[in-house]
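Notes follow once the structure below has been shown.
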Amino acid sequence: MKKPGNNVAIIILNWNGWKDTIECLESIYHINHPDFNVIVIDNNSNDNSVEKIKEYCKGKIEVKSNFFNYNTFNKPLKIFEYNENEFETAQKDEKEISNILPTEKIILIKNNENYGFAGGNNIGIKYAVCILKSNYVLLLNNDTVVDRNFLEELVKTAENDEKIGFVGAKTYFYGKKEIIQAAGGGKIDLKKVIAVETALNQIDDGKYDQNCELDYITGSCILCKKEVIDKIGMLNSNYFMYWEDVDWCFRGRKSGYKSVYAFKSKIWHKVSVSSTNYLKTYYCTRNRIYFMEQNINNHNNFKFLSYFFIYIFLPQIISYLFNKDLRGGFNPYLKGFISGLKLYSSPIRTGKKYNLQDNSIDYNSNQIKNLD
């Protein structure tokens, strides 16, 4: 039975990862939440992902997993397929979509470019809020598998307090079912500008079996209320990937919204399947500086940059050179540092709200290619 105000749009971003995506999808179609829509955003994949996902929806690809048994009863799924610019066509289908059971449909949106995690998910957020009128948006990594009760527990926690804006799940490593990757999210040290995941690599011995407030919810599974999006906007697409979840929750906190860990909600995560070490090093370095510029007052900026340069940047650079790790370490780290300083000094990209009318994407697939 549907509960008023509990409709959730589950947004899954795919980029050249259809095998992970269909396992994630199959696990979702086993959940017990009564009112949800699944939205798959394809970020301009070049591995035939869209066709493979459609084959799965038609029942032509059987998913094998250690977490569930494949379900043939809901196949074929009704596919609503759009290009990122076809919002008018999507609007006409809204009534039909709402009349189909959650487990019997899928919405597939194809992006014209690879907009990264932030920009790609923003396409889905716009669709969820503007077309489906969803009360909640859930960003879920495509390389995850979910527990049957995961969404119900997330929503239940969110409903407990009107000031809860973001909710996260207990996230285990996919290959180590009892080892925790993150208990919802983590804490932010603003002096050093580091985000530390709570319970990383801890055995699930019951120590983290209680809900608690955190500084941020990790982007692999983050439930957000629509009212939060209305107030603070979507993800900041300038991040492209990494730190956008920390930034989103931090902006929410400044507007009075809490980020809360729901321990009864459980998922399993394969971890960083969609990005290389090169990209991770580059964007984590760049975006750490960008987060500081966006969220810390000017009085502390110079202190952080001085600390970062002396105690973090220089030792890391020396380590890369000593170990002769140029391509995988030194090059992306140095480029990320320089790019972060450029963002820091650019007035164009500061103080901007990423609302539902914002179509700007500053970092696309072409710039990924140019990192080498």
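A few notes on this one:
- Where only DSSP H runs of four or more residues are counted, the chain gives -10500 deg cm²/dmol as its mean residue ellipticity at 222 nm, each run worth -39500 (n - 2.57).
- Percent of beta bridges antiparallel (DSSP, the chain, rounded to nearest 5): 45
- Signed unit charges on C-beta, dipole axis of the range 194-234, positive-most listed residue Ile194, Gly233, Leu223: Gly233
- Pairs exceeding 31 Å between alpha-carbon atoms, taken from Lys176/Lys342; Lys187/Lys342; Lys95/Lys270; Lys187/Lys264; Lys19/Lys126; Lys207/Lys270: Lys176/Lys342; Lys95/Lys270.
- Whole-percent carbon and sulfur share, accessible surface of the range 1-82, 1.4 Å: 46
- Per-selection Rg to Rh, the chain - Cα, Kirkwood hydrodynamic radius: 0.96
- Furthest towards positive pole of dipole, Ile106, Ser27, Thr89, structure part the range 1-127, Cβ charges: Ser27
- Arg253 exposes around 100 Å² of accessible area when a 1.4 Å probe is run over every protein chain in place.
- Per residue, the solvent-accessible area of the range 119-264 (1.4 Å probe, heavy atoms of protein chains only, all protein chains present) comes to 34 Å².
- The orientation-averaged shadow of the Cα convex hull for the range 163-261, equal to a quarter of the hull surface, comes to 6.7 nm².
- Taking a straight line from the alpha carbon of Lys335, these lysines sit under 22 Å away, with near neighbours fewer than eight places off in the same chain left out: Lys192, Lys280, Lys303, Lys324, Lys369.
- Mean Cβ count within 10 Å, highest first, over the residues of peptides 166-176, 43-53: 166-176, 43-53
- Shape call, the range 135-182: gyration tensor on alpha carbons, a/c limit 1.5: prolate
- Each of Asn142, Pro76, Phe36 was placed along the dipole of the chain (beta-carbon charges, centred on the mean Cα), and the one lying farthest toward the positive end is Asn142.
- Cα long-axis angle, helix 150-159 against the chain (0 to 90 degrees, to the nearest 10): 70
- Centre-to-centre, using Cα atoms only, the range 18-50 and the range 84-140 are separated by 12 Å.
- By definition, a body whose alpha carbon gyration tensor gives a ≥ b ≥ c is oblate when a/c is 1.5 or more and a/b is not larger than b/c, and the range 2-88 fits this oblate description.
- Charged-residue dipole, Cβ positions (Lys, Arg, Asp, Glu), the chain about Cα centre, Debye nearest 20: 660
- Evaluated with a Cβ-only charge set (Lys, Arg +1; Asp, Glu -1), the range 1-145 carries a dipole of roughly 440 debye about its Cα centre, given to the nearest 20.
The values are calculated or read from the model by the stated rules, or taken from the named source; none is laboratory data. None of these values were measured; they are calculated from a predicted model. Note: ideal-geometry Cβ built from the backbone for every residue, glycine included; neighbour counts use all protein chains shown. All accessible areas refer to the heavy atoms of the entire protein, side chains included, with ligands and DNA or RNA removed. Shrake-Rupley method; radii C 1.70, N 1.55, O 1.52, S 1.80 Å.
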